[in-house]
Amino acid sequence: EISGEWVYSTGNAITLPVATYEGTFGSLYGSESYLPTVNYYSSRNGFRMKAYHRIDFSVSFIKQKKWGERTWNISVYNAYSRKNPYFIYPGSAYDANTGTYKPVFKQISLFPILPSISYSFKINKWKK
């Protein structure tokens, strides 16, 4: 048996900050203060991730035996190893031209190409 499957879905809706600023909070117990970075969000689910797609292939070698049936399966998940977005978060990247860090969004992807091999058998206990 040979099979294949192509999976496609539009990108998931996500909420990302559109601006950041530094807030100020004074300490109640002294003159210390710190400047936390605060994210500003304009709307919920205002952005979309890239579309998700992958292709999977599978080949099964099936053989009938006296006692039942045995199957070897070789498959490949995400055959073209696309880096589909799992989640996106705000971060920073060093800009060598200006010598400063600039805000960027970073993407985390899971499961690049993933091959597998399996063996299974079915025992036909009712056969004489």
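The values are calculated or read from the model by the stated rules, or taken from the named source; none is laboratory data. Remember, predicted model here, so these are calculated numbers, not experimental data. Neighbour counts run over all protein chains shown; Cβ positions are idealised from the backbone, glycine included.
Within the range 81-91, being loosely packed, with under 15 Cβ neighbours inside 10 Å and in a strand (DSSP E or B) holds for Y86, F87, Y89, P90, G91.
Residue by residue, here is whether (1) under 17 Å from the mean Cα position of the chain (by Cα); (2) modelled with pLDDT of 90 or more; (3) on the phi > 0 side of the Ramachandran plot; (4) in a strand (DSSP E or B) holds:
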position	(1), (2), (3), (4)
V38	no, no, no, yes
I55	yes, yes, no, yes
E69	no, yes, no, yes
I74	no, yes, no, yes
A79	yes, yes, no, no
A93	no, yes, no, yes
S116	no, yes, no, yes
K122	no, yes, no, yes
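Go through the residues of the range 96-112 one by one and say whether even a single one is aliphatic (A, V, I, L, M), surrounded by 13 or more Cβ atoms within 10 Å (Cβ to Cβ) and in a strand (DSSP E or B). No; the residues of the range 96-112 include none that is aliphatic (A, V, I, L, M), surrounded by 13 or more Cβ atoms within 10 Å (Cβ to Cβ) and in a strand (DSSP E or B).
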